[in-house]
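Take a look at the structure set out below.
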Amino acid sequence: MFLHTSGLILRETKYRDSDKILTLLCGAEGKLTASARRVLQTKSKLGPAIQLFSFSEFVLFGNKGRWTINEARTIEEFRGLRNDISSLALAAYFADLLELVSDEDIPNPNILRLALNSFYALSNKLYDRELIKAVFELRLASYAGYMPDFTGCSECGKEKGDYFYFRPDLGDIVCQNCRGEYGIKIAYDVLSALRYIVSAGAKRIFSFKISDEGLKQLSGITENYILICFERQLKSLEYYRKIIK
């Protein structure tokens, strides 16, 4: 059985002397694991098409529930990631999150589109890294079934005010009058950015402006939220934070 598909390489693991085991994120097939034989030999024809974080077309051969890569052609290498250690580290964090939310045989083209848009923005330095990170985290959480409600105060419905309080464990906001004993205080411009991220079209998710101070808070909020949702502490995030200090 042959399968023609395209996918983003999330993980590579050396196997034996010259093989690799690759984890692919595909739009139609979800997450796939495939072996690439003899690719560590100098004469391998697969080359850049099977590099980590490349987006490529594949011809896979399936046998007894296992996939082997027969052919591969590069669509996008995201070469800029390899020229900047901070961007590369952030891409590794993205890849870990993508593995967490993706399942085999469950297609999710929205998640793949988000991954490709984010990797492209990182590779080409189109926006501040922390902005890309915040957008990726919040949209990914939303696609995974954890979309927070930023419409208005969950208690009284108020939509405007100088400050609101975000409750990450509940995924909602409350106004100053309805605030209980806990909640993360957020300025209205940060709330506006959060609302934009969850509602904007896929092609315009990064197209908003925010102050440096606001971006710092935004990134902290989205990071905290996605870690609460997935109940994981990721070493790739710790490494990214370490190298950008």
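The values are calculated or read from the model by the stated rules, or taken from the named source; none is laboratory data. All values reported here derive from a predicted model rather than from experimental measurement. Glycine gets a Cβ as well: all are built from the backbone with ideal geometry, and neighbour counts include every protein chain shown.
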> Has the range 182-193 got any residue that is at pLDDT below 95 and on the phi > 0 side of the Ramachandran plot?
Replying inline: yes
>> Checking the condition surrounded by 14 or more Cβ atoms within 10 Å (Cβ to Cβ), farther than 17 Å from Gly157 by Cβ and touching a strand residue (DSSP E or B) at 6+ places or on another chain (Cβ under 8 Å), which residue from Gly214, Gly183, Gly171 passes?
In response: Gly214
>> Can you list the strands (runs of 3 or more DSSP E) lying wholly within the range 143-245 that have 3 or more residues being assigned by TED's automatic domain parsing to the domain that holds Tyr93 and among the aromatic types (Phe, Trp, Tyr)?
In response: 163-167
>> I'd like to check something: does the range 65-77 contain any residue that is closer than 13 Å to Leu8 by Cβ, part of a strand (DSSP E or B), free of Cβ contacts under 8 Å to residues at least 60 places away in the same chain and touching an Asp or Glu at 6+ places or on another chain (Cβ under 9 Å)?
In response: yes
>> Checking Arg38 against (1) at positive phi; (2) assigned to a helix (DSSP H, G or I): exactly one of these is not met. Which one?
In response: (2)
> Got a sec? Which of Glu130, Glu137 is in a helix (DSSP H, G or I), out of contact with any Gly (no Cβ under 7 Å at 6 or more places or on another chain), in contact (Cβ under 8 Å) with a residue 12 or more places away in the chain and surrounded by 21 or more Cβ atoms within 10 Å (Cβ to Cβ)?
Replying inline: Glu137
> What tally of residues in the range 160-181 results from selecting those that are more than 29 Å from the chain's Cα centre (by Cα), over 20 Å from Ile228 (Cα atoms) and not small (Gly, Ala, Ser)?
Replying inline: 7
>> Being closer than 14 Å to Thr68 by Cβ, free of Cβ contacts under 8 Å to residues at least 60 places away in the same chain and not in a strand (DSSP E or B) is the filter here; which residues of the range 1-17 pass it?
In response: Arg16
> In the set Ser87, Ser102, which member is in contact with a helix residue (DSSP H, G or I) (Cβ under 6 Å, 6 or more places away or on another chain) and crowded, with 21+ Cβ neighbours inside 10 Å?
Replying inline: Ser87
> Given the conditions (1) touching an Asp or Glu at 6+ places or on another chain (Cβ under 8 Å); (2) touching a residue at least 24 places away in the same chain (Cβ under 8 Å), and given that Phe94 satisfies all but one, which numbered condition is not satisfied?
Replying inline: (1)
> From the set of residues in the range 121-159 that are more than 19 Å from the chain's Cα centre (by Cα) and of a type in the set (A, V, I, L, M, F, W, C), which is farthest from Ile197 (Cα to Cα)?
Replying inline: Cys156
> Condition test on Tyr120, is it modelled with pLDDT of 95 or more, under 23 Å from Lys245 (Cβ atoms) and not assigned by TED's automatic domain parsing to the domain that holds Gly27?
Replying inline: no
> Taking Gly80, is it in contact (Cβ under 8 Å) with a residue 40 or more places away in the chain, touching a helix residue (DSSP H, G or I) at 6+ places or on another chain (Cβ under 6 Å) and either surrounded by 14 or more Cβ atoms within 10 Å (Cβ to Cβ) or not assigned by TED's automatic domain parsing to the domain that holds Arg129 (or both)?
Replying inline: yes
> Looking at (1) assigned to a helix (DSSP H, G or I); (2) surrounded by fewer than 19 Cβ atoms within 10 Å (Cβ to Cβ), which is the only condition Ala115 fails?
Replying inline: (2)
